[in-house]
Amino acid sequence: MAAEVERVISTENATKSEEKIEYPLEVQYCGVCSLPLEYCEYTAEYEKCKEWLKTNLPDVYDELISQAADQLAATDVSEGATKKKQTRGGKGVVRVPKKKNVTKKVTLSRAQRNKKKYVTVVTGLGTFDIDLKKAAKLFAQKYSCGSSVTGSDEIVIQGDVLDDLLDFIPEKWPEIDEDSMDDLGNQKR
């Protein structure tokens, strides 16, 4: 058994030793993206790289195109399957599609965070087409506290500013009158 394993290993080494690699390696670089030629396809300027390669190194271009054609023929491509471009950034705010039959109502509530600490929750500003991020930043500046957009239509303000908000919101946004605002009082989160 050990002799067979040694024979298999020796035949593998023999095939590897037949391919003599001479050092230093000669690597050709693209004139557009300055990467090795086999990495050009992963850059944003791939079309420019192909044009440069076609004009400056036509033999290498033909070799790369034939390799790509072989790989493409080997893979099963379904119709309509395209690469999606990756976007940068985190989760972001989820945008809720606007519904036409939604009642326009802003609700304000206060939730207890610790024994003496409260947060104020504002919901419904999105139904009046108000940018929630800008509103949260405005609340944070006005009340000198932290404020964030937590849900699709919810802003959480650190601190008990419920009474001040009842006056400030209609003053800042005239389309929201006091009749369309609801004070829910203390709520559990």
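Bear in mind these aren't lab numbers, they're just calculated from the coordinates by the rules spelled out. None of the values given here were measured: they were computed from a predicted structure. Virtual Cβ from ideal backbone geometry, glycine too; neighbours counted across all protein chains shown.
Some points to look at:
- Measuring between alpha carbons in the structure, the pairs from 48/133; 133/188; 48/134 lying more than 32 angstrom apart are 48/133; 48/134.
- Mean Cβ neighbour count within 10 Å, used as a protection proxy, ranking 152-165, 58-71 highest first: 152-165, 58-71
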